[in-house]
2 protein chains.
Amino acid sequence: MSKIKIAVLGYGNLGRGVELATRNTKDIEMTAVFSRREPSSVKTCGAPVFKMDEILSHKSEFDVLILCGGSATDLPTQTPEFVKNFNVVDSFDTHAKIPEHFAAVDAEAKKSKKVGVIAVGWDPGLFSLNRLYSESVLENGESYTFWGKGVSQGHSDAIRRVKGVVDARQYTVPIESALNSVRNGENPKLSTREKHLRECYVVVEDGADKARIENEIKTMPNYFADYNTSVHFVDLETLKREHGGIPHGGFVLRSGKTGENDESKHLIEFSLKLDSNPEFTASVLVAYARAAYRLNAKGESGAYTVFDIAPALISPKSTEELRKEIL
Amino acid sequence: MSKIKIAVLGYGNLGRGVELATRNTKDIEMTAVFSRREPSSVKTCGAPVFKMDEILSHKSEFDVLILCGGSATDLPTQTPEFVKNFNVVDSFDTHAKIPEHFAAVDAEAKKSKKVGVIAVGWDPGLFSLNRLYSESVLENGESYTFWGKGVSQGHSDAIRRVKGVVDARQYTVPIESALNSVRNGENPKLSTREKHLRECYVVVEDGADKARIENEIKTMPNYFADYNTSVHFVDLETLKREHGGIPHGGFVLRSGKTGENDESKHLIEFSLKLDSNPEFTASVLVAYARAAYRLNAKGESGAYTVFDIAPALISPKSTEELRKEIL
C-alpha cells in the first residue's frame with residue numbers, strides 16, 4: 001500500500017514535530033518541507049527542503065500540506081490561500097476568530113474541491129472534542145477547562161518585553177483546590193484568579209531594578225493582573241537547564257446530574273500531561289492529515305474541524321480492525 | 001422546531017434512564033415505551049406504555065427506537081429485527097461479538113434504509129472513542145483500560161448462584177499502584193490480578209457454611225480465580241442500605257513517546273466516575289439517538305458505531321454554535 005504523503009509549510013518547533021510524528025506512523029511519510037528561509041539553512045531530520053514560493057511546482061509530490069505557521073499573522077492568510085491548491089491542516093488557535101477563519105477556508109476549499117481542516121491540536125482540538133462529547137452526554141451539568149502545568153509562549157514573550165529582562169519562562173499552573181472542587185461535584189463558580197496561578201522565571205540584566213520588574217510583570221493587564229503571580233529571578237544558565245523544555249497539559253471536566261431528582265452525580269475527566277507541547281500538537285496534526293486525505297479521496301471538500309470528522313478517519317486502522325480490536 | 005421523538009423497547013433500569021435523560025434535553029422527547037410486560041404493570045415517569053407486539057402500529061409516533069434489552073439474548077436478535085422498520089440505537093456490549101452483530105445489523109439496515117447505531121454507552125462507547133483518539137495521536141505508545149470502582153452485575157449474579165447465598169454485590173476496583181505506574185510512563189505489563197481487585201458483599205442463609213461459600217467465590221473460574229478477591233459477609237439490611245446503588249466508572253490511559261530519540265513522554269487520561277451506571281449509559285444512548293435521526297434524515301443508512309459518527313452529530317448545538325462556543 002502506498003503511503004500518504006505530507007509536506008509542511010514552516011519548520012520551527014511544530015514543523016519539526018510533524019516530521020518526528022510521521023516516523024511513528026506506518027501509513028504516512030513526509031516528503032517535503034517548504035520554508036521562507038534559504039533551504040540550505042534549514043536542518044531537518046531528513047526531509048528535503050524547498051523554498052515556499054516554489055511550492056506549486058511540487059504539487060504532485062504530496063497529498064496534504066500541514067501549515068505550521070502562527071495564528072496571529074500566518075494562518076489567517078495562509079490557510080485560505082494554500083487550500084486553493086492543496087488539502088491542508090492547520091493549528092489555528094485564536095478561539096474567538098475561529099468562525100471567520102472557518103468561513104474563509106470553507107469558501108476557497110469549496111471552489112478548489114480541496115479539504116481544509118482547521119484548529120487542530122489539543123486546545124482547540126482534543127480538549128474541544130471532550131467538551132463536546134461530555135456536554136452532549138451530560139446536558140444537565142457544567143464544563144471546566146484548566147490548563148497546565150505548562151509553558152505559555154505568549155506570557156513568556158510578554159515578560160521579555162519588560163525593560164531590563166533578558167529572558168523568561170512562564171508556567172500556567174492549575175489550582176488544585178479548584179480542580180478538586182469540580183471533581184467533588186460542587187459546580188463552583190470560579191474567577192480567573194481562582195483557576196490558575198502564573199509562575200515566572202526571569203533573567204534580568206546586571207544591576208536591573210528587580211522590584212520594578214516584578215511589579216511591572218504582576219500588574220501587566222490581560223497577562224498577569226487578574227492572576228496570583230509569582231516571580232522568581234534566576235540566572236541564564238539555570239533558566240536554560242531547568243526551564244528549557246516546552247511541557248504543557250491540562251484538564252477538561254464535566255460535572256453533571258441525572259435521575260428523577262438529580263440524585264445521581266457523574267464526573268467526566270480528560271487530561272493531558274505533555275513533555276513537549278509542539279511535538280504532541282504535531283502528532284494530532286498528522287492524525288488529522290490522514291482524515292483530510294481520506295475525506296478528499298472520497299470526493300469531499302470544504303472546511304472541517306475536529307467536530308465534523310468521524311473518529312475512525314484519523315486512525316491508521318480500518319473500521320473492521322477498530323471494531324474488532326478497540327470498540 | 002419540532003423535537004426528535006424517541007421510544008424505548010424494554011423498561012428496566014436502562015429504559016428508565018433513557019426516559020430521565022430525555023428530560024435534560026430540549027430537542028428530544030420520549031413518546032412511547034414498548035414492553036413485553038402488561039402495559040398497566042409498567043410504571044414510567046410519564047411516557048405511555050404499549051405492548052411490544054403492537055409496535056408496528058405506532059411506527060409514525062417516533063423517529064428512533066432505543067433498544068434497552070440485554071446483550072446476551074435480547075439484542076443479537078432484536079437489533080437486526082427492529083432495524084427493518086426503525087432507526088435504532090443499542091448498547092450491545094459483548095466486545096468479542098461486535099463484528100458479527102455489526103454485520104447482521106448492517107445487512108438489514110441497508111435493505112430497510114434505516115440507521116442502526118450499535119455498542120453505544122461508555123464501554124463500549126466513550127471509552128472506545130478515547131482508545132481510538134489516543135492511540136491514533138500517540139501511535140508510539142501503550143493503551144490501558146481500568147474499570148471501577150463499580151458494581152459488576154455479572155459478577156454479583158455469579159455470587160448469587162453459589163449455594164447458601166441470599167444476595168450479593170460485587171465491586172470491581174482498579175489497583176491504584178498499577179494506575180500510577182501507567183501514569184508515570186513506566187508502560188508496565190500488567191496481569192489480570194495486577195489491574196483489578198474484586199470486593200464482594202454477601203448475604204447468606206442462616207447457618208450457611210461461610211468458609212465454604214468464601215472459598216467457592218474466590219476459586220470460581222473466569223469470574224474470581226484470576227483476581228485477588230475479598231469477601232465480606234453482611235446482613236440483608238446493610239447490603240440494601242450501603243450497597244444499593246449501581247455506581248461505576250473507570251480509566252482509559254495512553255502513555256506514549258515522541259521526539260528524535262523518544263525523549264518526550266506524554267500521557268492522555270480519560271476517566272468516568274458515575275453514581276448510576278444505567279442512567280449514564282442511557283444519557284449516551286440518547287445523544288446517539290440524535291445522531292441516528294440526523295444521519296437518516298440526510299439519507300444515510302446501515303450500521304454505525306461511535307467510531308463512524310462525526311462528534312457534532314450528537315450535540316444539541318449547531319455546528320456554527322459549536323465552533324463559536326466550545327472549539
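The values are calculated or read from the model by the stated rules, or taken from the named source; none is laboratory data. Not measured: the values here are computed from a predicted model. Note: ideal-geometry Cβ built from the backbone for every residue, glycine included; neighbour counts use all protein chains shown. The area values use the complete protein model at the heavy-atom level, side chains included, leaving out ligands, DNA and RNA. Shrake-Rupley method; radii C 1.70, N 1.55, O 1.52, S 1.80 Å.
Set the bar at 29 Å for Cα to Cα. Now go through B:K51/B:K84; B:K26/B:K240; B:K3/B:K111; A:K265/B:K163; A:K43/A:K163 and name every pair that lies beyond it. Walk me through the numbers on the way to the answer.
Working: B:K51/B:K84 18 Å; B:K26/B:K240 35 Å; B:K3/B:K111 27 Å; A:K265/B:K163 36 Å; A:K43/A:K163 33 Å.
Over 29 Å Cα-Cα: B:K26/B:K240; A:K265/B:K163; A:K43/A:K163.
So what's the net charge close to A:R241: Lys and Arg +1, Asp and Glu -1, counting the other residues with Cβ under 15 Å from its Cβ?
-2
Mind checking which helices in chain B clear 24 Å along their axis (Cα) and have mean Kyte-Doolittle hydropathy of 0.0 or more, DSSP H runs only? Working shown, then result.
Numbers: long enough: B:277-297 (30 Å, 0.21).
Helix filter hits for chain B: B:277-297.
The stretch A:267-296 to the stretch A:177-206: how many Å between their Cα centroids?
Cα centres, the stretch A:267-296 to the stretch A:177-206: 25 Å.
Could you name the aspartates and glutamates in cross-link range of A:K195, using Cα to Cα under 12 Å and dropping any fewer than eight places away on the same chain?
A:E176, A:D226
What average count of beta carbons from other chains do you get within 10 Å of the Cβ of residues in B:299-307? Intermediate values should be presented prior to the final figure.
On the way: counts 0, 0, 0, 0, 1, 2, 7, 5, 11.
Mean number of neighbouring Cβ atoms from other chains: 3.
In Å and whole numbers, how far do the C-alpha atoms of the stretch B:35-142 stretch along each principal axis, longest first?
Cα spread of the stretch B:35-142 along its principal axes, largest to smallest: 56, 33, 24 Å.
Could you quote the convex hull projected area for chain B, Cα atoms only and averaged over all directions, in nm²? Present the calculation step by step, with values, prior to reporting the outcome.
Numbers: hull surface 79.9 nm².
Across all orientations, chain B yields a mean hull projection of 20.0 nm².
Out of all DSSP beta bridges in the stretch A:165-284, what portion is antiparallel? Express it as a percent rounded to 5. Can you show the working numbers first?
Values: 20 of 27 bridges.
In the stretch A:165-284, DSSP labels about 75 percent of beta bridges as antiparallel.
Find how many whole Å separate the alpha carbon centroid of the stretch A:112-129 from the alpha carbon centroid of the stretch B:297-327.
The distance from the Cα centre of the stretch B:297-327 to that of the stretch A:112-129 comes to 15 Å.
How high is the relative contact order of the stretch A:57-188, given as a whole-number percent (alpha carbon pairs under 8 Å, six or more residues apart)? Provide the component values of the computation, followed by the final result.
Details: 145 pairs, mean separation 21.5, N = 132.
Reported relative contact order: 16 percent.
Find, to one decimal place in angstroms, the Kirkwood hydrodynamic radius of the stretch A:145-281, where the mean of 1/r is taken over every pair of different Cα atoms and then inverted. Kindly include the intermediate steps, with their values, before the conclusion.
On the way: mean 1/r = 0.0605 Å⁻¹.
Computed over Cα pairs of the stretch A:145-281, the Kirkwood hydrodynamic radius comes out at 16.5 Å.
From the backbone phi of the stretch A:165-174, what are the Karplus-calculated ³J(HN,Hα) couplings (6.51 cos²θ - 1.76 cosθ + 1.60, θ = phi - 60°) in whole Hz, Gly and Pro given as x?
8, 8, 7, 7, 9, 10, 9, 8, 10, x
Using DSSP, restrict attention to beta bridges with both residues in the protein assembly as shown and report what percent are antiparallel, rounded to the nearest 5. If you can, show how the numbers build up before the last one.
Details: 69 of 127 bridges.
Antiparallel: roughly 55 percent of the beta bridges in the protein assembly as shown.
Let me know the volume per residue of the alpha-carbon convex hull for the protein assembly as shown, in Å³.
176
Sticking with the crude label model, points 7 Å out along Cα→Cβ, report the distance from B:N13 to B:E321 in nm, one decimal please.
Spacing of the two 7 Å Cα→Cβ label points: 3.2 nm.
Which whole number gives the average count of other chain Cβ atoms within 10 Å of the Cβ atoms across peptide B:277-287? Kindly include the intermediate steps, with their values, before the conclusion.
On the way: counts 2, 2, 7, 7, 1, 1, 10, 4, 1, 3, 6.
If you average over the peptide's residues, the count of other-chain Cβ atoms is 4.
Using a 10 Å cut-off on Cβ to Cβ distances, tally the other chain neighbours for every residue of A:85-95 and report the average as a whole number. Mind showing how you got there, number by number?
Numbers: counts 0, 0, 0, 0, 0, 0, 0, 1, 1, 0, 5.
Across the residues of A:85-95, the mean count of other-chain Cβ atoms within 10 Å is 1.
Take the Cα pairs of the stretch A:245-327, get the Kirkwood Rh, then feed it into Stokes-Einstein at 4 °C and 1.567 mPa s and tell me D in µm²/s.
Rounded, D is 81 µm²/s.
Whole-Å semi-axes of the stretch B:9-93's equivalent ellipsoid, largest first, each the root of 5 times a Cα gyration tensor eigenvalue? Provide the component values of the computation, followed by the final result.
Numbers: eigenvalues 63, 43, 40 Å².
That gives 18, 15, 14 Å for the three semi-axes.
Can you work out the FRET efficiency for the pair B:K51 and B:A107, with r the C-beta to C-beta distance and R0 = 22 Å, to the nearest 0.05?
0.20
Only helical DSSP H runs with n ≥ 4 go in: add -39500 (n - 2.57) per run for the protein assembly as shown, normalise by residue count and round the 222 nm mean residue ellipticity to 500 deg cm²/dmol. Could you put the intermediate results ahead of the total?
Values: 22 runs with 218 residues, N = 654.
Using -39500 (n - 2.57) per qualifying helix, the result is -10000 deg cm²/dmol.
Once you've got the Cα coordinates, tell me which of B:K149/B:K218; B:K110/B:K298; A:K273/B:K189; B:K97/B:K273 are over 23 Å apart.
Values: B:K149/B:K218 19 Å; B:K110/B:K298 14 Å; A:K273/B:K189 21 Å; B:K97/B:K273 27 Å.
Pairs exceeding 23 Å: B:K97/B:K273.
For the stretch A:98-206, what is Rg from Cα atoms divided by 2.2 N^0.38 Å, rounded to two decimals?
On the way: Rg = 19.2 Å, N = 109, 2.2 N^0.38 = 13.1 Å.
Relative to the 2.2 N^0.38 Å estimate, the stretch A:98-206 comes out at 1.46.
What does the buried accessible surface come to for B and A, summed over both chains, with the probe at 1.4 Å? Round to 100 Å².
Numbers: alone 16590 and 16570 Å², together 27330 Å².
Buried area between the two chains comes out at roughly 5800 Å².
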